[in-house]
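Inspection log for the structure reproduced underneath, given as structure tokens.
The values are calculated or read from the model by the stated rules, or taken from the named source; none is laboratory data. Remember, predicted model here, so these are calculated numbers, not experimental data. Using ideal geometry, Cβ is built from the backbone for each residue, glycine included, and neighbour counts are taken over all protein chains shown. For accessibility, only protein heavy atoms count, side chains too; no ligands or nucleic acids. Shrake-Rupley method; radii C 1.70, N 1.55, O 1.52, S 1.80 Å.
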Amino acid sequence: MDREMLADQQQLAELVEAEGWEVTDLELSAYDSPWADEDDPEATVTITARKPYESEDDGNGADRDDEDDENPFRLK
């Protein structure tokens, strides 16, 4: 892995964080190009991030419970 790949990884993480996401995991995989006619290395970046969203209910959870009553995946 070279410094350019690491700098690109950092830049991608900063872009994601600038959009309000919290980067929780970052993986950079460097490998030789799978194409026979290319000698340049390639890389893939896997970013795991989380972002909480505000709920639209009034905070008491009543709206959410009503919606879940019709949910076939809800255990009662």
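Return a yes/no flag: does region 31-39 have any residue that is within 26 Å of the chain's Cα centre (by Cα), surrounded by 10 or more Cβ atoms within 10 Å (Cβ to Cβ), at pLDDT 90 or above and outside any loop (DSSP other than H, G, I, E, B).
No, there is no match, as no residue in region 31-39 is within 26 Å of the chain's Cα centre (by Cα), surrounded by 10 or more Cβ atoms within 10 Å (Cβ to Cβ), at pLDDT 90 or above and outside any loop (DSSP other than H, G, I, E, B).
Out of all the residues in region 40-54, which are over 15 Å from Leu6 (Cα atoms) and open to solvent by less than 80 Å² (accessible area, probe 1.4 Å)? I'd like the intermediate steps shown before the answer.
We begin by selecting, within region 40-54, every residue over 15 Å from Leu6 (Cα atoms); these are 40, 48-54.
Thr48, Ala49, Lys51, listed by residue number.
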